[in-house]
1. Could we say that residue 433 is of a type in the set (Ser, Thr, Tyr) and either in the same structural domain as residue 114 (by TED's automatic domain parsing) or more than 36 Å from the chain's Cα centre (by Cα) (or both) here?
2. Kindly list the number of the only condition in (1) of a type in the set (A, V, I, L, M, F, W, C); (2) surrounded by fewer than 21 Cβ atoms within 10 Å (Cβ to Cβ); (3) at pLDDT 90 or above that fails for residue 550.
3. Say whether the condition of being within 23 Å of residue 414 (Cβ to Cβ), among the hydrophobic types (A, V, I, L, M, F, W, C) and either surrounded by 14 or more Cβ atoms within 10 Å (Cβ to Cβ) or in contact with a Gly (Cβ under 9 Å, 6 or more places away or on another chain) (or both) is met by at least one residue in the range 123-131.
4. Checking the conditions here, which among 479, 427 is assigned by TED's automatic domain parsing to the domain that holds residue 375, crowded, with 17+ Cβ neighbours inside 10 Å, of a type in the set (Val, Ile, Thr) and part of a loop (DSSP other than H, G, I, E, B)?
5. Quick one: what pairs do we get from the range 518-536, first residue more than 18 Å from residue 462 (Cα to Cα) and assigned by TED's automatic domain parsing to the domain that holds residue 548, second assigned to a loop (DSSP other than H, G, I, E, B) and at pLDDT below 80, C-beta under 6 Å, 6+ apart or different chains?
6. So, restricting to strands (runs of 3 or more DSSP E) that lie completely within the range 336-383, which ones have at least 3 residues that are more than 29 Å from residue 540 (Cα to Cα)?
7. Looking at 79, 74, which one is free of Cβ contacts under 8 Å to residues at least 12 places away in the same chain and either within 20 Å of residue 37 (Cβ to Cβ) or of a type in the set (Lys, Arg) (or both)?
Amino acid sequence: MKKRPNLFRLMDYAGKFKWFTVGSLIFAALSACLALVPFIFIWKIAGEVLSVAPDFSKAQNIEDYGFEAVKFAVNAMCVYFCALACSHIGAFRTVANIREKCVEKVLRMPLGHIESEGSGKIRKIIIDSTASLENFMAHITPDRTVAITTPLAMIAMLLYFDWKIGLLCIATVVAGFFIMYMFMVGKNLKKDIEAYNAALENMTREAVEYVRGIPVVKTFGQSVFSFKKLKKAIDDYEKFTVSYTRRFRIPMTAYTVVINSAFAILISVALYNSSNANEPEFFSNLLFYIIFTPVIAVTLFKLMHSSEADMIVETALSRIDTVLDVKENDETKNPLTPSDYSVEFQDVKFHYDGATKNALDGISLKIPSGSHVAFVGPSGGGKTTSASLVSRFWDTDEGQILIGGVNVKNIATEKLSEIVSFVFQDTKLLKTSILENVRMAKPDATDDEVLSALQRAQCTDIISRLPDGAKSVLGSKGTYLSGGEQQRVAIARVMLRNTPVLILDEATAFADPENEEKVLAAFDEISKGKTVIKIAHRLSTIVDCDEIYVLKDGKIAEQGKHSQLVEKQGIYSRMWNEYQKSVDWKIKN
């Protein structure tokens with residue numbers, strides 16, 4: 001299926017504002033035609049001067065022609081200003097509409113997709129890609145219209161005054177255009193631009209990784225070796241850009257020679273007719289071509305360069321499509337309400353896109369309402385995946401997950417968010433006050449409710465040491481929190497939300513011993529009377545759970561209480577022994 005032009009695709013997003021873009025095209029074409037009219041009056045001035053030479057006092061219309069030239073030039077600028085005004089209005093509204101659609105899509109797309117792709121990547125796609133589209137619609141589109149209209153009008157004028165000389169000038173322009181077209185348009189350029197962007201992206205990525213790793217580099221004194229990847233990325237970028245530039249030496253030289261050969265042809269024609277001293281009209285026409293011909297070459301060159309803009313826009317639209325084409329979780333038309341807050345897995349199977357095997361392969365279990373369970377096991381066993389499916393970060397491929405006897409797919413999304421809360425190991429806090437960070441969980445909560453949640457989450461010591469207490473803005477005036485402190489603020493957020501089902505995913509992973517004690521105390525407070533699923537590597541935090549499930553290769557390998565699993569001498573027992581050794585390990589003198 002043939003792709004639609006980029007501008008037409010953008011028009012789909014513009015809505016009623018597409019007429020501003022259409023208007024900008026009309027105004028730009030009109031301004032291009034008006035901008036050529038002064039050349040006609042310049043030609044008339046030259047013709048009159050040559051016709052009365054050497055008695056220039058007989059030239060009566062030079063002043064009028066000059067004013068007419070200025071008038072049309074000013075009109076051309078005013079009309080082009082109208083074109084830019086329309087193109088900017090159309091561009092701004094189109095970009096706003098695209099961003100609104102993308103944000104609406106983000107609100108509806110599975111949370112698992114956002115987690116796997118990274119919120120930063122999605123934000124970059126929405127912001128940076130739409131910025132490229134805005135530049136294309138606001139500037140490139142009217143400029144391209146001028147670049148197309150001007151040569152067409154010029155060719156007509158060249159043929160009108162003296163078709164023989166006009167054909168000679170057009171021939172040189174066409175020859176030069178053909179030379180550059182072979183190198184500037186087509187699949188080769190597209191591949192080169194893709195290769196350039198890949199080399200630039202690789203160099204940028206390696207630079208970021210190098211900067212992030214400087215503390216480790218300085219600690220272990222590996223400066224030369226650590227620089228190896230970054231240097232290779234820079235060298236690869238250099239090799240590509242140099243070779244790419246060298247490929248254009250011959251065609252660019254040929255283009256310049258051919259385009260400038262128009263002057264040689266015009267001078268030859270002038271010398272050939274120099275004996276005809278009584279033909280001022282011929283020489284005025286010749287002067288017109290000498291002034292006019294370089295302009296058409298410049299406009300054609302700008303038109304060829306616009307092909308690069310097309311590729312940038314096509315890439316931006318493709319990146320935006322990766323957001324808009326994400327499959328959404330199906331929303332039920334007849335939502336049901338759970339009878340209680342038990343969680344049940346019924347032969348659940350799930351695999352990630354591109355994976356060769358299932359992340360979960362036939363998981364079946366039931367967690368009674370109000371009980372506390374734990375998912376443990378080797379990395380990649382399916383612990384986080386299982387918990388993520390409960391809150392519909394993803395939807396199951398086969399089987400079903402029930403809350404209170406109701407398939408989670410049959411619970412309204414908003415209602416499900418009121419039932420299940422997640423505490424991640426990687427806490428997300430915004431650059432705003434602690435008060436507002438916690439209030440995100442319940443926007444209509446009062447300050448007293450938020451402060452109560454902070455107190456129950458063991459955050460009193462954090463608030464007391466900050467200059468503005470809970471109103472202190474994170475990230476400003478040296479206000480920063482450690483990983484464990486951030487975790488406690490996140491727990492306060494969940495406490496304020498107060499959902500009956502709670503999932504704790506490695507929530508003590510980044511806490512130091514002092515913070516871990518307070519985080520665990522906060523967990524004890526938040527877990528009262530709730531159905532809790534814990535995912536942990538620190539096995540000491542789950543010994544009191546009602547049931548422990550050991551997941552390996554997407555299946556339940558073992559299950560039971562802590563004491564039962566230790567006695568089995570299986571996977572959990574080995575994990576417990578290794579954990580005990582790590583706790584008892586110390587450096588000997």
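1. It is false that residue 433 is of a type in the set (Ser, Thr, Tyr) and either in the same structural domain as residue 114 (by TED's automatic domain parsing) or more than 36 Å from the chain's Cα centre (by Cα) (or both).
2. So the condition that residue 550 fails would be (2).
3. The answer is no; no qualifying residue exists.
4. 427
5. 535/506
6. Of the strands (runs of 3 or more DSSP E) lying wholly inside the range 336-383, those with at least 3 residues that are more than 29 Å from residue 540 (Cα to Cα) span 343-350.
7. 74
For every residue, the table says whether it meets (1) modelled with pLDDT of 80 or more; (2) surrounded by fewer than 15 Cβ atoms within 10 Å (Cβ to Cβ).
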residue	(1), (2)
230	no, no
237	yes, no
248	no, yes
263	no, no
284	no, no
293	no, no
301	no, no
320	yes, no
323	yes, no
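The values are calculated or read from the model by the stated rules, or taken from the named source; none is laboratory data. Computed from a prediction, not measured in an experiment: that's the story for all the values here. Methodologically, a virtual Cβ is constructed for each residue, glycine included, from the backbone with ideal geometry; neighbour enumeration extends over all protein chains shown.
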